[in-house]
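Nothing in this text is a laboratory measurement; each read-out follows from the coordinates by a stated rule. Note that the structure is a prediction, hence the values are computed from the model and not measured. Cβ sites come from the backbone with ideal geometry, for glycine too, and all protein chains shown count toward neighbours.
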Amino acid sequence: MYTVELYKADKRKKSGERLVKKTDHSTHSKTVLAEVYDKEYPASQGYRYEIHETMVKRVNMMGGREYQERYDTPRYCSPSSEAYWSM
């Protein structure tokens, strides 16, 4: 499973681009997904995309057990960080 973050060039933003959409896809092929986004959102029109694996493996800081969590989970919400356990 992959998640695609689509950005568009925007001079009004400090970073020079804005997040247009974030979409989850259940495909198993990253190359097919890249081809689709290349056709739909060409770079010549100011688009840029990033493809991430939706779930990543992490290790629980307290128990040492491996688990999966979403790639964009904030650090303070992740059991793999000290910030989570110190609250």
query: With each pseudo-label sitting 7 Å past Cα toward Cβ, what's the ALA43-GLU82 distance in nm, one decimal?
result: 4.0
- prompt: Dividing the alpha-carbon Rg of the chain by 2.2 N^0.38 Å yields what?
  reply: 1.38
- request: State, to one decimal in nm, how far the label point of ASP72 lies from the label point of ASP24, with both points 7 Å from Cα in the Cβ direction.
  value: 1.2
query: Lysine pairs in the chain with alpha-carbon atoms under 26 Å apart, 8 or more places apart or on different chains: how many are there?
result: 19
message: What is the ratio of the Cα radius of gyration of the range 21-66 to 2.2 N^0.38 Å, with N the residue count, to two decimals?
response: 1.65
